[in-house]
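Trainee: Take a look at this one; I'll ask things after.
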Amino acid sequence: MANPVLVEVTRGGRVESRHHGMIAVLDAHGHVAYAAGDIDAAIFPRSACKAIQALPLVESGAADALGFTDREIALSASSHSGEDEHIALAGSMLAKVGRSVADLECGAHWSGQQNVLIHQARTRKAPDALCNNCSGKHAGFICACCHLGVDPKGYTGYEHPLQREIRVAMADVTGAHIGEDVAGIDGCAIPTYAVPVKALAQGFAKLVTGTGLSEGRAAAGKRILTACMAEPFYVAGTDRACTELMQAAPGRIFAKTGAEGVFCAALPEHGLGIALKCEDGATRAAEAMIAAVLMRYFADDAEVTAALEAMANRTLINWNGTEVGAVKAVLPH
């Protein structure tokens, strides 16, 4: 099945680029509320599923035992920008279990946000693993291991007990087959699994409602999503799409991006989960797609709609400040 064009980029009144993709909006029972493209296609959710990967941290009791607030829980499900606050919080999480940056297995990189990168370059000789956008998630992994009495060394490996727990959680939440035959390695070194788009959407509907999950998992899932919505800065950062989407409707939108044009989201009021992928992996298109599909569910709120509209259809400005075109979502009805 050919996926439809969902985003167009214009210049001089002409379409310069087109982005194809797929979108699924489902409830917890698997009913499709909206779909575009091949929603049966399996995709790597990448960082968009970090809320699921954070379940062992909360379910194990580690988060409570360590006195974690919404900020720590949000950071454990984040792809942060490496701002000072993010780095400090990840470090403090590790310190609570007597661990440090040396225990992180995610690798190091400079921030992908230009302003943050410049700040980092001015204040440090080189990035360390705390600067990695996944350091909060990895700190959460290490905390869960230490609380459970499991040696965190090698926690990124497929056979490590923590990764086995994450596979069980992924299969339970999404209802999809999660195994070595559908596995790849993510940018931060942990396994990532190809999951049908519609299964991801249903999974986030289950997380936000608790439907179809055990009592403990339902409570943990809701707590993670609630923490992210309460502390959106710690999920992403300044001028980041995830943060801005959740700030547009506090407590009403959960949104999380993943590499290669993926987004997952959940709408507590509607009991719906959303998953999408821009087929060519373009972030600009994925951000327009998620804003446009979210607009469908806030038509009665002018303020929220306006904020989402600005992200779904944004003007392109060149370095001279001249308007040269636009990125426009063109979702089918």
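The values are calculated or read from the model by the stated rules, or taken from the named source; none is laboratory data. Quick caveat: nothing in here was measured; it's all calculated off a predicted structure. All Cβ positions, glycine included, derive from the backbone under ideal geometry; neighbour counts span all protein chains shown. Side chains included, ligands, DNA and RNA excluded: accessible areas come from the protein's heavy atoms. Shrake-Rupley method; radii C 1.70, N 1.55, O 1.52, S 1.80 Å.
Trainee: Can we say Phe263 is open to solvent by less than 10 Å² (accessible area, probe 1.4 Å), part of a loop (DSSP other than H, G, I, E, B) and either at negative phi or not hydrophobic (A, V, I, L, M, F, W, C) (or both)?
Mentor: no
Trainee: Let me ask something else about it. Residue by residue through the stretch 99-134, note down the ones that are aliphatic (A, V, I, L, M) and within 22 Å of Arg240 (Cα to Cα).
Mentor: Ala108, Val116, Leu117, Ile118, Ala121, Ala129, Leu130
Trainee: Quick one: what pairs do we get from the stretch 237-254, first residue closer than 11 Å to Ser79 by Cβ and in contact (Cβ under 8 Å) with a residue 60 or more places away in the chain, second of a type outside the set (Ser, Thr, Tyr) and open to solvent by less than 10 Å² (accessible area, probe 1.4 Å), C-beta under 7 Å, 6+ apart or different chains?
Mentor: Gly237/His80; Gly237/His86; Cys242/Val235; Cys242/Ala236; Cys242/Ala255; Cys242/Lys256
Trainee: Then there is this: In this structure, does Val9 turn out to be in contact with a strand residue (DSSP E or B) (Cβ under 7 Å, 6 or more places away or on another chain), surrounded by fewer than 17 Cβ atoms within 10 Å (Cβ to Cβ) and among the β-branched types (Val, Ile, Thr)?
Mentor: no
Residues checked against (1) buried (at least 17 other Cβ atoms within 10 Å of the Cβ); (2) closer than 23 Å to Gly237 by Cα:
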residue	(1), (2)
Arg99	yes, no
Asp103	yes, no
Asn115	no, yes
His119	no, yes
Cys131	yes, yes
Gly154	no, no
Val168	no, no
Thr174	yes, no
Asp181	no, no
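Trainee: How many residues does the stretch 268-281 contain that are surrounded by fewer than 23 Cβ atoms within 10 Å (Cβ to Cβ) and closer than 22 Å to Gln53 by Cβ?
Mentor: So the answer is 2.
Trainee: Within the stretch 35-52, restricting attention to residues that are open to solvent by less than 10 Å² (accessible area, probe 1.4 Å) and of a type outside the set (Val, Ile, Thr), which residue is farthest from Asp172 (Cα to Cα)?
Mentor: Ala36
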